[in-house]
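Where a number appears in this text, it was derived from the coordinates with a stated rule and is not lab data. These figures come from a predicted structure and were not determined experimentally.
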Amino acid sequence: MIVVEYSAKEVGRRLQALRRQNGCSREKIAKGIGKSVKYYGDIERGSCGMSVETLLELSKIYHVSLDYLVRGIGDTDEKEPDAETAWMINRVGQLDSRKRSAVLQMLGTIVELGLEEEREGRYAED
């Protein structure tokens, strides 16, 4: 049996650092995970834990592994986007929430299809 030590304070410190590195407000992250700002602030302060679902959502938002969030180890996947990607992220962020959601859903589908093709060796770079 594997025992994983969990410190809500350490997880909170990592989340706060990630939020600041990404230039996000607590309000933006709380909205992204569908929780109140107070609850997210409590998570960052380490005064409460969170569900596995919330932990998964945060790992997606910050593009980090669960190992990194929970134990502080592993790849944080902090790759800087190229100029074209950064421009597109900025443009999508300017859309109203309904349109942004639709664009992100379509983009997610396209990316997953592309990754599946790469895994199966069906994709050849031009």
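For this structure, a couple of remarks:
- Stretching the chain fully between Glu117 and Gln105 yields a gain of 2.5 nm (0.36 nm per residue, less the alpha carbon separation).
- Taking each of Lys9/Lys38; Lys35/Lys99; Lys38/Lys99; Lys9/Lys60; Lys60/Lys99 in turn, the alpha-carbon distance tops 18 angstrom for Lys35/Lys99; Lys38/Lys99; Lys9/Lys60; Lys60/Lys99.
- Residue among Ala86, Ala30, Ala102 with the largest mean-square fluctuation in a Gaussian network model of the chain, springs linking Cα atoms under 10 Å: Ala102
- Most mobile of Glu44, Glu27, Glu112 in a GNM of the chain (Cα contacts under 10 Å): Glu112
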